[in-house]
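Chemist: Have a look at this one before I ask anything.
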Amino acid sequence: MGSGTSTQHHFAFQNAEKAFRAAALIQRWYRRYVARLEMRRRCTWSIFQSIEYAGQQDQVKLHNFFSYLVDHFTPSSHNERDFLNRIFTEERSPQASETQNCGDYDSIEVPDSYTGPRLSFPLLPDHATALVEAFRRKQRLHARYVLNLLHEARKHLVQLPNINQVSTCYSEEITVCGDLHGQLDDLIFIFYKNGLPSPERAYVFNGDFVDRGKDSVEILMVLFAFMLVYPKEFHLNRGNHEDHIVNLRYGFTKEVMHKYKIHGKKILKLLQDVFCWLPLATLVDEKVLILHGGVSDRTDLELLAKLDRHKIVSTMRYKTRKENKKQAEEKGNANQTGSAGRPSPWFLPQSRSLPSSPLRPSTHKAHRAGRSSSVPCGVPLDPKELSRRVRRSVDLELERCRQQAGFPAIKEKEEPSSSESEVDSDAEEQPQPTPEEWRQVVDILWSDPMAQEGCGANTVRGGGCYFGPNVTERLLQKYHLQFLIRSHECKPEGYEFCHSRKVLTIFSASNYYEVGSNRGAYVKLGPDLTPHIMQFQANKATHTLTMRQRISRVEESALRALREKLFAHSSDILVEFKKHDKDETGLIALSDWAAAVESVLHLGLPWRMLRPQLVSSLTDNKLAYKSWLENLAKEKLSQQNIQSSLLETLYRNRSNLETIFRIIDSDHSGSISLDEFRHTWKLFSSHMNIDITDDCICDLARSIDFNKDGHIDINEFLEAFRLVEQSCSGGDVSDCPQVTNSSNRDCSSPGAH
Amino acid sequence: MADDRDRDGTEVAVAEFHKKIKEAFEVFDHESNNTVDVREVGTIIRSLGCCPSEGELHDLIAEVEEEEPTGYIRFEKFLPVMTEVLLERRYRPIPEDILLRAFEVLDPAKRGFLSKDELIKYMTEEGEPFSQEEMEEMLSAAIDPESNSIHYKDYITMMVIDEN
């Protein structure tokens, strides 16, 4: 009996040990699996970020292109001059009197068949709530009410100071929300979860309400409605996307024109004005400063409080030739008086505009460090290129100054260097901000924090700077502040503290890159001003997905975008591959593959980590690169029979192309003439050194002119070549490929929360 | 001659390993100062193809940590240690069939599945126990809601495909 028990015990012990070991094995395997998922998640994030910021650099290039045109292009014909004028003479928003002209919307009739919300002014809280409800049910606000609301909003905004002052004595709590980017679901979710605005519940929305998402119009309507209803408790800050030029590129303009075909142009015009009346910042209890981007080592709150914010129409505006002349005069004067003001392109903070070597390394590091707790990524402009551009712009300015210094007419003018000079025969010419005022605003709308000390030019965004903990500290001390709340950057958790918790980034657009890519967040400040963060993800579908599934779908989206980028640079990549394959074997080692691809794309991505997702078949640990590139192209084949090199070029430049189209299409009709298209393409391709013949492009354009009326429908053009992933039926943004799985949209019903 | 070739081969391998390790490290180097939080080192090591147990990981971390642990691991210390690990092919991943056998050990009746409760018991009480978070996450993907059990053969197949 005894031995029986001990045998049993022995077996039991053995079995227990086996079970223990089996469990340990399974756990070990599982933990590795999870780690690999985590790595994939990080890499996916860095893909999105680097592509996003590379896109912003494109924007910079585009502006250089237009500046180049302005500086260099001498129209040889009447047509060309008209053409240029159309692009560059900014249609300034109508004078104040015209704006208040009720004829703008009064004459618009609302048909009886209209079942959407109707507004009457002054707005009551119930109206605002009803508006939210109507939008939740996917109704659309009639253009008449849109214009009316915008008029009223403008009237209110004009009275506000540049820096809103808010006190917690009046409202018990203040909720601060970050970027929404047209994602109405997130806004609705916040209101349902946190409560609608009220005298006891103050809100601050920190800019970037529009662009990218599909419901920017509705978001604006809701925000303005609540602002009118609770003027003391509801506050809006301007973001870098509250800017009609940025809107041309990032989808808001398209959305408005799509939703309001008849009155869209009027709406856009009014918006242009409304945007520049948005306050620049909000100060809570004189202790917490809320602004969209960040600060620089030159940020001067007193100056910011005093300047005329309305003068800054766009932080990206193109200078008209008149203005350039005036600026040149100023600089000429400045040069003559030997002042320290040195001409430099608008987008570089003046104090750091020159490409001296100390700047370069620190900016590079600064940039990488800027994405604290998210993957360092993206790429600064190539230093040689940057310095070349800077130098050229500087040279141009100096050249012009020298030229003009020779003209006696200029010396006579003796204009005061203040740009507020109204001495201008052209009544339409609006006063300009001074370069310093300009820079101050650009800094607070575009800057990003970085981990390193110091302050460097934000070359990734092309505007503002990277500011370090010491800059924050100095600013907080100078103005006796406790901390800074800003937005502007997407964070995986929807928020992020940095600079020893003195800077809080708050981002409220969940699933920004893709369903499941990130959470959104908002922050509540109690009477003691301690921040309490609330996170959310406004898509029920993501809750039911496992981590693995969530990561997979986001990853697939990122990889698609990356493959497209690879395709768009196939020719250059092939050249690089060949350099590593001197023996012309057609094969390349993986290590060389990574180096080659990075040297062309400059995305700073962990290519070796990504390799398994991008390269499937290997022979002998080497890649047959030609067929790999061909496979990339296959994904992009369109119905038209275009040579792949042309397609590649179109892809590479598609965002710029779209933006250019929309700029040319100054009346926002959605179509441009063949001539205009041909013209612009000629200029653009010569500037960008694009090697496509005019004939090629013209044939292309003609083939797109489906009804042969000499006009190209922009959207058709872009869609025909699949340059946009989806049609604009929903006013969707074409910037990043999105999952078009309709079942997801159905799942989203945040109202149920 | 053979030695030279070997040396070349190893040198090339080492160079490649260095690049791989650097890449993986940089993904978590948030401040771009060549350090990572010690809590992320496990992820880095595992994503480089290794499959250490928690105990082995612990030992490895001890090797790369500072004399006085700072909570951060420096790249200079990490690189040589990790290179050795890769060269020696330490902590190899677990082949599919071994994994299957492990599940079968826990399922002596050979039913082909484990109940949810059984899985929880084994994973949180045996071996190197899961945290609650780890357990929940595994359950969400592994458990078939209708039968409330994990059909481990299918599960393994699904996970393996996913890896590729």
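Chemist: Other chains near B:24-36: what is the mean number of their Cβ atoms within 10 Å of each residue's Cβ?
Modeler: Averaged over the peptide's residues, the number is 6.
Chemist: In bins 5 Å wide, starting from 0, what share of all Cα pairs of segment A:215-290 does each bin hold, as a percent?
Modeler: 3, 14, 22, 25, 16, 10, 6, 2, 1, 0
Chemist: If you average over every viewing direction, what projected area does the convex hull of the Cα atoms of segment B:3-88 give, in nm²?
Modeler: Result: a mean projected hull area of 5.9 nm².
Chemist: Got a sec to turn the phi values of segment A:152-165 into Karplus ³J(HN,Hα) couplings, 6.51 cos²θ - 1.76 cosθ + 1.60 with θ = phi - 60°, whole Hz, x for Gly and Pro?
Modeler: Working through the residues one at a time gives 5, 4, 4, 4, 6, 4, 4, 7, 7, x, 4, 10, 4, 10 Hz.
Chemist: If Lys and Arg each add +1 and Asp and Glu each add -1, what is the summed charge of the other residues whose beta carbon sits under 15 Å from the beta carbon of residue A:595?
Modeler: Every neighbour counted, the sum reads +2.
Chemist: Rounded to two decimal places and with Rh computed the Kirkwood way over Cα pairs, what is Rg over Rh for segment A:109-172?
Modeler: 1.08
Chemist: Under 5 Å between amide H atoms, partner at least 5 residues away or on a different chain: which partners does residue A:466 have, H built in plane at 1.01 Å?
Modeler: The answer is A:448, A:456, A:457, A:458.
Chemist: Find, among the GluC sites (Glu not before Pro) in segment A:480-575, those assigned to loop by DSSP (not H, G, I, E, B) with at most 15 other beta-carbon atoms within 10 angstrom.
Modeler: A:493
Chemist: Fewest Cβ neighbours within 10 Å first, please rank B:50, A:177 accordingly.
Modeler: B:50, A:177
Chemist: Per q in 0.13 Å⁻¹, report the Debye log10 I(q)/I(0) for chain B, using one uniform scatterer on each alpha carbon and no solvent.
Modeler: -0.80
Chemist: Continuing with this model, one more query. What distance in nm separates the simple spin-label points at residue A:667 and residue A:590, each placed 7 Å from Cα in the Cβ direction?
Modeler: So the label points at residue A:667 and residue A:590 sit 5.9 nm apart.
Chemist: Also, I was wondering about something else. For A:223, A:559, which order do you get if you count the other beta carbons within 10 Å of each Cβ and list the fewest first?
Modeler: Starting with the residue having the fewest Cβ neighbours, the order is A:559, A:223.
Chemist: While we're here: Given that compact globular proteins tend to follow 2.2 N^0.38 Å, what is the ratio of the alpha-carbon Rg of segment A:156-274 to that value? Walk me through the intermediate numbers first.
Modeler: Working: Rg = 14.5 Å, N = 119, 2.2 N^0.38 = 13.5 Å.
Dividing the Cα radius of gyration by 2.2 N^0.38 Å gives 1.07.
Chemist: Would you pull out the residues with amide H under 5 Å of residue A:214's amide H, same chain only if 5 or more places away, H placed 1.01 Å from N?
Modeler: The list, which skips near neighbours in sequence, is A:184.
Chemist: Please sort by residue number the GluC sites (Glu not before Pro) in segment A:568-604 whose DSSP state is loop and whose Cβ has at most 12 other Cβ atoms within 10 Å.
Modeler: A:584
Chemist: Continuing with this model, one more query. Starting at the first residue of segment A:46-51, write each ³J(HN,Hα) from the Karplus equation 6.51 cos²θ - 1.76 cosθ + 1.60 with θ = phi - 60°, in whole Hz, x for Gly and Pro.
Modeler: Per-residue couplings from phi come out as 5, 4, 4, 5, 5, 5 Hz.
Chemist: Counting alpha carbon pairs within less than 8 Å and at least 6 residues apart, what relative contact order, in whole percent, applies to segment B:96-160?
Modeler: Relative contact order for segment B:96-160 comes out at 40 percent.
Chemist: If amide hydrogens are placed 1.01 Å from N in the peptide plane, which non-local residues have theirs closer than 5 Å to the one on residue A:673?
Modeler: Those qualifying (amide H under 5 Å, at least 5 residues apart or on another chain) are A:712.
Chemist: Quick check: residue separation of residue A:8 and residue A:20 times 0.36 nm, minus the Cα distance between them. What number comes out in nm?
Modeler: 2.5 nm is the gain from fully extending residue A:8 to residue A:20.
Chemist: If you don't mind, there's one more thing I want to ask. Over segment B:96-160, consider all pairs of different Cα atoms and compute the Kirkwood hydrodynamic radius from their mean reciprocal separation; express it in Å, one decimal.
Modeler: Evaluated on segment B:96-160, it is 12.0 Å.
Chemist: HN-Hα J couplings of segment A:559-567 from phi, Karplus 6.51/-1.76/1.60, θ = phi - 60°, integer Hz, Gly and Pro as x?
Modeler: Karplus values, whole Hz, x for Gly and Pro: 5, 4, 4, 5, 5, 5, 5, 4, 4.
Bear in mind these aren't lab numbers, they're just calculated from the coordinates by the rules spelled out. On a predicted model such as this, the values are computed, not experimentally measured, just so you know. No Cβ is skipped: glycine too gets one built from the backbone with ideal geometry, and neighbour counts run over all protein chains shown.
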